[in-house]
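Heads up, the thing below is written out as structure tokens.
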Amino acid sequence: MIQERAPVIEIEGLHVTFKTPLGRHVTAVNGLDLSVRPGEVVGFIGPNGAGKTTTIKVLMGFIQPDRGKARLFGEAAGSLSARSRIGYLPEVALYYPFLTAREALRLYAKVAGIPRGQREQLISDLIEKVGLLGRDRERLSGFSKGMLQRVGIAQAIMGEPDLLILDEVTSGLDPVARHDVRAILRNFKTQGKTVFFSSHELTEVALLCDRIILLDDGSIVEENDLGQMLASAKCVVLRVRHDSRVGDLPDKVIARNLGSGVHLYTVDDWDLAQRVREHLEKQGAKILEVKEAPASLEDYFVRKLGHKTT
């Protein structure tokens, strides 16, 4: 009989509240329960203020919860033994602006306890891996947000951690950098390592994740394998041409402008699709195509939590 491996991340009954400057208590995390298995890539998504960053700070030991438990590799969150196996990238990473990228990584390598004789080659490999080759001797004060994010990713994967915890990992990255990050995270997965990350870039989440945890108001709204989640969320798509406003559409219609006068309207079912079609035709729009299609993760998110701002 094969024994199931213990979860890498375990959270049970987690509650976190904050006191505002005006004395009001705000619940950031409300009775959260979740676990992440070894080798999983899990997307932790939700609108602003859902509790994602607070949960991650609890896992790193930066915040103590009011109630509940958080464990990493069976150890208490924030313990030295747990932290020694984690690579972490915060939502907002701050750096010494007068250092170069290479100098900053050299400092991280020293703090991480990487032997002196291995540091320079390791740093050179990381610089190439995250796309900083040729820029590594420039001061960080001249780096864009995306370039600084590359430095953060390099320090997070330094030392080959068993678990990556990444808060808004693709923030500020251009398409080439996002491609590089996907390759890095997929390589971690092939090594049997675990990735837990939050992001508002839902296309990236869909390309990377095995499983999605959807959070709102500090609680889980839904948790499922990505394929199963989207398979249960068929939608109807209308591709339409019009060059002017078409008035107010029914609720629960997701609209996108594809350019050149072509627009895409996504709805939940055929009845609503027919109502939208009739409305658009009355406004002089030309219907190019109507078809059933799998929902994208972005569409699914909007349909679940459209009342929130992402």
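For region 217-267 versus region 111-190, the inter-centroid distance based on Cα atoms is 34 Å. Let a ≥ b ≥ c be the square roots of the eigenvalues of the Cα gyration tensor of region 159-199; is it rounded (a/c under 1.5), or, if not, prolate (a/b larger than b/c) or oblate? Cα axes put region 159-199 in the oblate bin.
Taken over region 130-172, the convex hull of the Cα atoms encloses 76 Å³ per residue. Taken along the Cα-to-beta-carbon direction at a fixed 7 Å, the label points for Asp217 and Leu107 span 4.3 nm.
Summing Cβ point charges (Lys, Arg +1; Asp, Glu -1) relative to the Cα centre of the chain gives a dipole of roughly 800 debye. Each of Gly134, His242, Ser144 was placed along the dipole of the chain (beta-carbon charges, centred on the mean Cα), and the one lying farthest toward the positive end is Gly134. Here region 110-170 is assigned +1 on the Cβ of each Lys and Arg and -1 on the Cβ of each Asp and Glu. Its dipole about the Cα centre then comes out at about 320 debye. Comparing Leu22, Leu163, Leu132 in a Gaussian network model of the chain, where Cα atoms under 10 Å apart are tied by springs, the biggest mean-square fluctuation is seen for Leu22. The order of Ile127, Ile220, Ile254 by accessible area, most exposed first and with a 1.4 Å probe, is Ile220, Ile254, Ile127. Derived scalar couplings between HN and Hα for region 163-179 equal 9, 9, 10, 10, 9, 6, 5, 9, 4, x, 8, 7, x, 5, 5, 4, 4 Hz in order, rounded to whole Hz, by the Karplus curve 6.51 cos²θ - 1.76 cosθ + 1.60 (θ = phi - 60°), x for Gly and Pro. For region 117-176, the list of trypsin sites (Lys or Arg not before Pro) that fall in a loop by DSSP and count at most 12 other C-beta atoms within 10 angstrom reads Arg137.
Amide H contacts of Val29 (H built 1.01 Å from N, in plane; Pro and chain starts excluded): Val16 sit under 5 Å, all sequence-distant by 5 or more or on other chains.
Inter-label distance, Asp66 to Asp251: 3.1 nm, where each label sits 7 Å from its Cα along the C-beta direction.
For region 13-73, what is the relative contact order in percent, using Cα pairs closer than 8 Å and at least 6 residues apart in sequence? It comes to 40 percent, rounded to a whole number. Just checking the listed ones, Gly113, Gly68, Gly218: in the Gaussian network model of the chain with Cα springs under 10 Å, the one fluctuating most is Gly113.
Choose one answer from Asp33, Asp216, Asp66: the residue with the largest mean-square fluctuation in a GNM of the chain with alpha-carbon springs under 10 Å. Per the Cα network of the chain with a 10 Å cutoff, Asp66 tops the list.
Using only the Cα atoms of region 163-249, build the gyration tensor, take square roots of its eigenvalues as a ≥ b ≥ c, and label the shape rounded, prolate or oblate: rounded if a/c is under 1.5, else prolate if a/b is larger than b/c, else oblate.
Values: a/c = 2.13, a/b = 1.60, b/c = 1.33.
Verdict is prolate for region 163-249.
For region 207-274, the fraction of 1.4 Å probe accessible surface lying on carbon and sulfur atoms is 46 percent.
For region 153-310, a crude dipole built from +1 on the beta carbon of Lys and Arg and -1 on the beta carbon of Asp and Glu, taken about the Cα centre, is about 580 debye to the nearest 20. Amide H to amide H distances under 5 Å link Val41 with Val195, Asp210, Arg211, where only residues 5 or more positions off or on other chains count and H is placed in the peptide plane. The Cα atoms of the chain cover 72, 56, 47 Å along the three principal axes, with the biggest extent listed first. Compactness ratio for region 198-310: Cα radius of gyration over 2.2 N^0.38 Å (N = residue count) comes to 1.16. Filter the GluC sites (Glu not before Pro) in region 1-49 down to the DSSP loop ones having no more than 13 other Cβ atoms within 10 Å, then list what survives. Filter output for region 1-49: Glu4. Spin-label model, Ser244/Leu207: points 7 Å from Cα along the beta carbon direction are separated by 3.9 nm.
By definition, a body whose alpha carbon gyration tensor gives a ≥ b ≥ c is oblate when a/c is 1.5 or more and a/b is not larger than b/c, and region 1-121 fits this oblate description. In the chain, the longest principal axis of the Cα atoms and the axis of helix 116-129 are about 10 degrees apart. Counting only DSSP H runs of at least 4 residues, each contributing -39500 (n - 2.57), and dividing by the residue count of the chain, the helix-based mean residue ellipticity at 222 nm comes to -9500 deg cm²/dmol.
The values are calculated or read from the model by the stated rules, or taken from the named source; none is laboratory data. Every value quoted in this text rests on a predicted model; they were computed, and no experiment measured them. All Cβ positions, even for glycine, are placed from backbone atoms using ideal geometry, and neighbour counts span all protein chains on display. The area values use the complete protein model at the heavy-atom level, side chains included, leaving out ligands, DNA and RNA. Shrake-Rupley method; radii C 1.70, N 1.55, O 1.52, S 1.80 Å.
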